[in-house]
Structures are given as C-alpha cells and as structure tokens.
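Structure first, then comments.
The values are calculated or read from the model by the stated rules, or taken from the named source; none is laboratory data. Treat the numbers as computed from the prediction; the structure is a model and nothing was measured. Cβ sites come from the backbone with ideal geometry, for glycine too, and all protein chains shown count toward neighbours. For accessibility, only protein heavy atoms count, side chains too; no ligands or nucleic acids. Shrake-Rupley method; radii C 1.70, N 1.55, O 1.52, S 1.80 Å.
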Amino acid sequence: MAFESIYLEEDIHIDRIYTIHYFEYKSDFHFAGERHNFWEFQCVDKGKAEIETDNGIYHLTSGQLIFHRPNEFHNLIAIGNTAPNIVVVSFECDSPCMKFFEKKLLKLSDSERNLMGMLIAEARRCIATPLDDPYTEKMEKKEDFLFGSQQLIRIYLEQMLLYMIRRNSSPPMTVPVSQFVNLKNNSAVYKRVIAYMEDHIRENITLYDLCHDNMIGRSQLQKIFQEQHQCGAMDFFSRLKIAYARQLIRENQMNFTQISEFLGYSSIHYFSRQFKKISGMTPTEYITSIKALSERERQ
C-alpha cells in the first residue's frame with residue numbers, strides 16, 4: 001500500500017515574540033503611548049483602562065482586549081478606583097488573516113482566557129526578564145528554561161488567535177445532519193424529512209410542521225422513523241439537536257447558555273433537562289468527561 005501524506009496549512013504563524021507582560025498597575029498609571037512595526041494586544045484582567053489609538057478612544061473592562069496593527073499609535077491610562085491588571089503581548093505575524101483583528105475590541109471566552117493564562121505561565125518558565133516591567137524593550141531567556149516552553153508560548157498564542165477568529169465570525173446557520181444519521185433509507189420522503197430537520201435544527205418545530213411542510217401523514221411519518229430509528233420523528237429530532245449540542249460543547253466556542261439559545265431552546269434549564277434525558281448526563285458532566293478523556297490521552 002502506497003501512503004500519501006497531506007500538507008497541513010497554517011492560517012496563523014507567529015514568527016517572533018517581542019514582549020509578554022503582566023502588569024499590576026497603580027490606579028493613576030499613565031503610559032504616554034508608542035508605535036512599533038509589529039502587532040500588540042492589551043488585555044484587561046482586572047479593573048478598567050482607557051486606551052487611545054489612531055481610531056479613537058476605548059474603555060476596556062475585565063476580560064476585554066484590543067489589538068493594535070503594526071505602526072498604530074496606542075497608549076494606556078488606568079481609570080476607576082481599582083488598580084488594573086493588564087496583559088500586554090507583542091509579536092510579529094504576517095499572516096493575512098490578522099487583518100481580522102484590525103480596529104477590534106473583543107471579549108475573551110473562558111477557553112481563550114485559559115490559553116492566555118497558560119501563555120503567561122510558560123513565559124514565566126523561560127523568560128528571565130521580569131514580566132511586570134512595562135518598559136521592557138528586550139526580553140532575555142533563562143538558561144535553564146523548561147523543555148518546550150518557548151514552543152508552547154507560540155502554540156498557545158496562535159491557538160488563542162485562531163479561536164477568537166472562529167468564535168467571532170458568523171456561526172454556521174445549519175448543521176449537516178448527515179454526520180449524525182446513517183441514511184440507509186433511500187425513500188424520497190425520508191430524505192426530504194431529514195433535510196427539513198437539518199434546515200430547522202435551530203427552531204422549535206412540531207410534528208404538525210413536519211407533516212404539513214413535507215406533505216406526509218402523521219401515521220406514515222411515525223412508521224418510517226419507528227422502522228429506521230425505533231423512535232418517533234420528534235424524538236429523533238430531539239436526538240439530533242442534542243448530538244449537535246455535544247459537538248458544539250466539544251468545539252468549546254460557546255457556553256451552555258449560548259448553545260441553548262443557538263439551538264432554539266426556550267431556556268437553559270429545559271436544554272439541560274433534554275441533554276441529560278438523551279445523553280444520560282448533564283452538559284457539565286459531559287464536558288468534564290471530555291476534558292478527562294483528553295487529559296488521559298495526553299499522558
């Protein structure tokens with residue numbers, strides 16, 4: 001057998017890191033501003049900050065970050081009564097998709113915040129220069145840095161940027177149900193109903209909707225799904241929704257409330273009940289089991 005490899009393309013590649021900082025500012029801190037020919041983001045971990053750029057003035061609160069394209073002016077002023085904690089990372093990246101971050105003020109998701117934390121942790125393992133000096137212009141590496149730390153910094157940063165682009169781009173409006181269904185039945189009616197479910201996976205359709213819009217009697221429709229899946233048509237539709245919910249949980253781009261709303265559930269509580277009824281575990285238990293599995297696979 002002749003094996004052939006495939007080339008895995010990189011959408012984002014970080015070439016160099018200039019600075020990685022975690023500052024605990026005083027409440028009256030004021031950084032006059034700068035320009036440089038590489039990318040930078042400023043992220044508020046605690047408190048509030050005002051940042052002026054070529055595009056205007058922005059007020060950031062906890063969990064928000066702003067990107068600055070190469071040669072864009074930016075400063076930072078602490079505001080409010082609470083002394084802010086700020087993460088600043090500057091890096092070189094020529095990937096075309098970085099254009100997405102121009103003039104962007106974004107909010108970190110939980111997974112992106114975790115990646116940010118891991119990035120800072122790895123920087124502390126391999127960078128000798130204090131990370132809390134806001135005026136550092138050249139970082140120095142430790143002589144005894146932990147194996148893999150430098151590469152992990154780049155990987156975590158690239159992964160965080162990829163996640164942010166995916167999460168803040170338009171989500172898919174439909175899900176290909178065929179990935180959850182083995183289309184053994186070749187009848188036109190069955191395929192038409194499956195396609196209808198795919199198109200309406202984010203809605204609260206009824207058995208009447210299924211029958212009326214697909215021009216099929218209730219008894220005939222129920223018979224088809226009993227033969228194919230040993231359940232009624234609406235039960236099968238609920239299974240599809242939860243199968244898609246599991247996929248969204250694994251992708252880790254939306255929280256449970258967002259997934260519930262995305263799939264058209266009336267409330268997060270009803271979504272959780274349906275999830276447990278069909279999956280045998282709550283969404284929280286499910287995501288924990290996925291995390292546990294991934295951790296076991298890493299060992």
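A few comments on the model shown:
- Pairwise Cα distances in the chain exceed 27 Å for 56 percent of all pairs.
- Using alpha carbons only: equivalent-ellipsoid semi-axes of region 1-73, gyration tensor based, whole Å: 36, 15, 12
- The tail of the calculated P(r) for region 192-299 beyond 21 Å holds 42 percent of all Cα-Cα pairs.
- Put simply, the amide H of Phe73, placed in the peptide plane, has neighbours under 5 Å in Asp54, leaving out anything fewer than 5 places away on its chain.
- When each of Lys103/Lys142; Lys107/Lys191; Lys107/Lys138; Lys46/Lys276 is checked by Cα-Cα distance, pairs over 32 Å: Lys103/Lys142; Lys107/Lys191; Lys46/Lys276
- For region 70-81, backbone phi angles converted through the Karplus equation (6.51, -1.76, 1.60; θ = phi - 60°) give residue-by-residue couplings of x, 6, 8, 5, 7, 10, 7, 10, 6, 10, x, 8 Hz, Gly and Pro being listed as x.
- Peptide ranges 130-141, 222-233 listed from the most packed, as the mean C-beta count within 10 angstrom indicates: 222-233, 130-141
- Max mean-square fluctuation residue, GNM over the chain, Cα-Cα springs under 10 Å, options Ser267, Ser95, Ser219: Ser219
- Nearest-0.05 FRET efficiency for Gln220 and Asp54, computed from C-beta distance (R0 45 Å): 0.10
- The label-point distance for Leu207 and Ile155, in a model that sets each label 7 Å from Cα toward Cβ, rounds to 5.1 nm.
- Surface accessible to a 1.4 Å probe, Asp235 within the full protein complex, Å²: 90
- In this Cβ point-charge picture (+1 for Lys and Arg, -1 for Asp and Glu), region 1-110 has a dipole of about 460 debye about its Cα centre.
- Among the helices of the chain, those built from whole DSSP H runs whose Cα atoms reach 15 Å or more along their own axis and whose mean Kyte-Doolittle hydropathy is at least 0.0 are 188-199.
- When the alpha-carbon atoms of region 46-169 are used, the pair Rg, Dmax equals 15.1, 43 angstrom.
- Selected from Arg69, Arg218, Arg154 as most flexible by GNM, with the chain as the system and alpha-carbon contacts under 10 Å: Arg218
- Take Tyr58: with every protein chain present and a 1.4 Å probe, its accessible area is about 50 Å².
- Among the GluC sites (Glu not before Pro) in region 1-30, those placed in a DSSP loop whose Cβ has at most 10 other Cβ atoms within 10 Å are Glu4, Glu9, Glu10.
- The modelled label-to-label distance for the pair Phe262/Glu102, using points 7 Å beyond Cα in the direction of Cβ, is 2.8 nm.
- Helical mean residue ellipticity (222 nm; -39500 (n - 2.57) per DSSP H run of 4+; nearest 500) of the chain: -13000 deg cm²/dmol
- Probing with 1.4 Å while keeping every protein chain in the model, the per residue accessible area of region 87-136 equals 47 Å².
- For Ile127, the residues whose modelled amide H falls within less than 5 Å of its own, excluding neighbours fewer than 5 places apart on the same chain, are Lys142.
- With a simple spin-label model that places each label point 7 Å from the Cα along the Cα-to-Cβ direction, the separation between Cys231 and Asp110 comes to 2.5 nm.
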